[in-house]
Amino acid sequence: MTATDDLKARAEELRRLHTDPAILVLVNVWDAASAATVASVPGCRAIATASWAIAAAHGLADGEAIGREGMLRAVETVARAVTLPVTADLEGGYGETPADVGETIERALAAGAVGCNLEDGLRDGAELRDASEAAERIAAARAAADAAGVPVVINARTDVYLRGTDDPEAAFLRGQAYARAGADCIFVPGVVDPKTIRELVEGIDAPVSVLARPGAPSVSELQELGVARVSFGPGPMGVALAALARTASDLLGGGVPAGELSYRPPAA
């Protein structure tokens with residue numbers, strides 16, 4: 001099997017998982033150790049990176065501060081650590097033009113990713129990119145994937161709710177535009193109201209993805225609402241670091257070493 005054939009097979013499997021009856025649960029990772037750990041858990045079917053967590057692991061802020069080169073190095077490290085399909089959080093696509101986004105997709109494939117997040121929020125965090133411009137960037141990503149012969153799964157993210165606006169119509173219209181441009185899944189992080197989630201699922205002509213966090217419906221409830229994919233962003237890193245802080249506090253206070261200190265991530 002050639003490298004392209006392998007990528008194509010992984011991409012096709014990732015695409016299938018978005019229409020499987022069981023919701024696709026993606027526990028986000030940020031490095032080889034976290035990826036190998038999550039991949040070893042029974043029931044894990046794919047791996048997703050989190051841009052916030054990767055940036056934090058490098059001492060950087062979220063919002064493309066790590067740059068395309070740094071992010072793709074991290075994605076490649078994750079992809080090499082697992083045999084499952086990897087979908088990468090590529091933030092806004094790293095570049096001013098749709099052509100730049102297309103190049104990012106080409107290079108993400110070379111790094112081993114077969115799926116990606118592309119968001120419509122601008123780097124300053126205050127505004128959304130114009131919907132038509134965001135759609136052009138998604139179309140460029142789709143064209144680059146098609147040219148490579150790999151059906152990359154594009155998870156088009158709209159940041160309507162992350163901007164503090166409860167506007168399901170705006171999320172719906174953007175989702176529809178992004179689906180027409182070639183997105184395979186529409187990601188609406190920030191929405192937690194079950195009624196709104198169901199309306200988006202029923203109204204958008206593509207699978208819908210959400211971000212789960214404290215206060216959001218459970219994974220089981222999201223599946224009942226028809227959500228195709230759920231991820232957790234920087235949450236898993238938060239859990240890991242909270243556990244580290246608790247352990248450090250206990251040990252620095254004279255505590256007994258816990259059994260978890262013997263845990264090691266599985267080998268690839």
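Please treat every number below as a calculation from the coordinates, not as lab data. Small disclaimer: the values here were computed from a predicted structure and weren't measured. Cβ sites come from the backbone with ideal geometry, for glycine too, and all protein chains shown count toward neighbours.
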Seminar exercise, completed: Protection proxy (average C-beta count within 10 Å per residue), highest first, orders 27-38, 55-66, 90-101 as 27-38, 90-101, 55-66
Problem set entry | Cα centroid separation - region 101-170 against region 213-268, whole Å | 27
Problem set entry | Between helix 131-148 and the chain: long-axis angle, C-alpha atoms, 0 to 90°, nearest 10 | 80
Problem set entry | G121 long-range amide H proximity, modeled H, under 5 Å | R129, D159
Problem set entry | Zero-based 10 Å bins, Cα pair distances in region 117-268, whole percents | 10, 32, 26, 17, 11, 3
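Under 8 Å for C-alpha pairs, at least 6 residues apart: give me the relative contact order for the chain, rounded to a whole percent.
The value is 20 percent.
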Exercise. What are the residues whose amide H is under 5 Å from the amide H of V27, where those residues sit 5 or more places off or on another chain and H is modelled from the backbone?
Worked result: A48
For this session: Output ³J(HN,Hα) for region 55-63: one whole-Hz value per residue in order, computed from phi by the Karplus curve 6.51 cos²θ - 1.76 cosθ + 1.60 with θ = phi - 60°, and x for Gly and Pro.
Result: 4, 4, 5, 9, x, 10, 7, 6, x
Problem set entry | Table column - 3J(HN,Hα) (Hz), region 210-226, Karplus curve with 6.51, -1.76, 1.60, x for Gly and Pro | 10, 9, 9, 8, x, x, 8, x, 5, 4, 4, 5, 4, 4, 5, 7, x
Seminar exercise, completed: Computed on Cα atoms, the radius of gyration and Dmax of the chain in angstrom are 18.2, 59
Exercise. Expressed as an acute angle from 0 to 90° and rounded to the nearest 10, what is the orientation of the C-alpha long axis of helix 235-252 relative to the principal long axis of the chain?
Worked result: 20
Exercise. What FRET efficiency comes out for the pair A170/R264, r = Cβ-Cβ distance, R0 = 35 Å, nearest 0.05?
Worked result: 0.15
Exercise. What is the spin-label model distance, in nm, from S249 to A57 if the labels are put 7 Å beyond Cα along the C-beta direction?
Worked result: 2.5
Seminar exercise, completed: Computed ³J(HN,Hα) along region 82-91: with the Karplus parameters 6.51/-1.76/1.60, θ = phi - 60°, integer Hz and x for glycine or proline, the list is 9, 9, 7, x, 10, 10, 10, 7, 9, 6
